[in-house]
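Below is one structure, written out as structure tokens, with a few remarks after it.
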Amino acid sequence: MAISGSYLKECARNPEKAKELEENLSFFKEGYESGLKSAQANARAIGVRVVDHTESWSIDSTGNITMMASTTVTSDSGVKGWKELAEEREEKLKEKKEQERTEEKRKEQKE
């Protein structure tokens, strides 16, 4: 987290700005956890897992916040590229649909 020195000075002089800064800082942990959960959900959706997730937050001289996130993912199957990953995911979806059709047929035969 980087906070502009001039903004910190403004916060020291202005109680409203100081309160604003405190509120923004109190959200940092919640914001990070939310970002991580989102990254993990997105990774699961495409068939990979999160290896690392980092965020960089900065507050400029006027109190504007900038957040940048970086997430590193990996495929346990050894897939190297996004194209291969998409193909692998498509194949898994086809297999799942086939299993569902098979289950439906079994249920129909039992009825």
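What the table shows:
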| read-out | value |
| --- | --- |
| Å² per residue, accessible surface of the chain at 1.4 Å | 79 |
| Heavy-atom accessible surface of the chain: percent carbon and sulfur, 1.4 Å | 49 |
| Candidates per trypsin sites (Lys or Arg not before Pro) in the stretch 43-107, loop by DSSP, up to 12 other Cβ within 10 Å | LYS80 |
| Largest to smallest accessible area among TYR32, TYR7 [probe 1.4 Å] | TYR32, TYR7 |
| Point-charge dipole on Cβ atoms (K/R +1, D/E -1) for the chain, about Cα centre, debye to 20 | 200 |
| Within a Gaussian network of the chain (alpha carbon springs, distance under 10 Å), most fluctuating of GLY81, GLY47, GLY35 | GLY81 |
| On Cα atoms only, tilt of 82-110 relative to the major axis of the chain in degrees | 50 |
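The values are calculated or read from the model by the stated rules, or taken from the named source; none is laboratory data. All figures in this text were calculated on a predicted structure; none of them were measured in a lab. Here Cβ is always computed from backbone atoms with ideal geometry, including for glycine, and neighbour counts include all displayed protein chains. SASA here: full protein model, heavy atoms, side chains in, ligands and nucleic acids out. Shrake-Rupley method; radii C 1.70, N 1.55, O 1.52, S 1.80 Å.
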